[in-house]
Amino acid sequence: MTRSTTADAPWTADRIPDQSGRTVVVTGANSGLGYVTARELARKGARVVLAARNSAKGAAAVERLRAELPSAIVESRSLDLADLDSVRAFADGIDTPVDVLVNNAGIMMPPRSLTAQGFESQFGTNHLGHFALTGLLWDRLRAGRDARVVTVSSTLHKNGSIHFDDLTGERSYSPRGFYAQSKYANVLFGLELDRRARAAAEPVRSLLAHPGYSATNLQSAGPTGLLKAVLKVTNRYVAQPVETGALNQLYAAVEPGVEGGSFIGPDGRAESKGHPTLVHPAASATPELARRLWALSEELTGVHYAFGG
């Protein structure tokens, strides 16, 4: 795939196939990219589980969806990716096959803080929480139809590296640098999950997506000070609408011909705007580095995938 367009039009949500009978879990689904993803899949008939850290906001998102789509099959469940106990409780509550898991939730460039288990908040939430969730849901995914895991990264992953000697940022922390680390970890995870699933002949595809620069509340919820003020301006005048940004993860979640290991992002300049196309991860995202991160992630979360079981 070089570009997800036909001769007459780019790929849009109107081209999502019928999703009736499919179950989709979307993390961070109460707002932004996650909400649009949940809405468009529900519009096409999927049963959508909206995973949200804030239960009240999750319930409000369900109300909004039902008001817009009265026949939508949607529900909200509590999930705090910054707390592995919450991740386990959420996974334990999913007792049916899962056809699509969209690892969408994230935090962006906050002041340094630690998760419930003592991990740096961005690495812990954006990567470790989703690593654990995917592994804990693996049996449910293996039972799904045309099952997929879509992990949402960022173009900033290309500026990232894994600080194996200072994962918590205790010695040196920058909000942007550790955000890039977490998004780089998402890419390494998504690619390694694809390699391992293929090797074990698992019926699950692992894909990556990024939204380009899309206007969401992510830019205002985490950053502080001057950075927050700058992002407020760029959100208004530079970013593309969230509905366009969400197309990339929707494409990865539903397009029949997309292969496992594919990375979907905008087709515009510098991958900042546009419609879904195949993009490429940073050249530094090697299998050797991904295996090292995988082993560390298993150690830190206590979650081991049951491949080929």
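Annotations
- Odd one out for VAL150, checked against (1) out of contact with any Lys or Arg (no Cβ under 6 Å at 6 or more places or on another chain); (2) assigned to a loop (DSSP other than H, G, I, E, B): (2)
- In the stretch 259-309, the residues that are under 17 Å from the mean Cα position of the chain (by Cα) and of a type in the set (A, V, I, L, M): ILE264, LEU278, VAL279
- Residue selected from the stretch 234-255 under the condition in contact with a Phe, Trp or Tyr (Cβ under 7 Å, 6 or more places away or on another chain) and modelled with pLDDT of 95 or more, by the criterion surrounded by the most Cβ atoms within 10 Å (Cβ to Cβ): LEU247
- From the options ARG43, ARG3, ARG22, residue that is modelled with pLDDT of 95 or more, more than 23 Å from ASP80 (Cα to Cα), of a type outside the set (Asp, Glu) and surrounded by fewer than 23 Cβ atoms within 10 Å (Cβ to Cβ): ARG43
Residue by residue, here is whether (1) of a type in the set (Ser, Thr, Tyr); (2) buried (at least 24 other Cβ atoms within 10 Å of the Cβ); (3) at pLDDT 90 or above holds:
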| site | (1), (2), (3) |
| --- | --- |
| ARG171 | no, no, yes |
| GLY177 | no, no, yes |
| SER182 | yes, yes, yes |
| LEU188 | no, yes, yes |
| ARG196 | no, no, yes |
| GLU202 | no, no, yes |
| SER220 | yes, no, no |
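- Set ALA253, ALA283, ALA295: member being without any contact (Cβ under 8 Å) to a residue 40 or more places away in the chain and either part of a helix (DSSP H, G or I) or polar (S, T, N, Q) (or both): ALA295
- Summed over the stretch 260-309, residues that are out of contact with any Pro (no Cβ under 9 Å at 6 or more places or on another chain) and closer than 22 Å to VAL26 by Cβ total 7.
The values are calculated or read from the model by the stated rules, or taken from the named source; none is laboratory data. Note that the coordinates shown come from a computational prediction; the quantities given were computed from them, not determined experimentally. All Cβ positions, glycine included, derive from the backbone under ideal geometry; neighbour counts span all protein chains shown.
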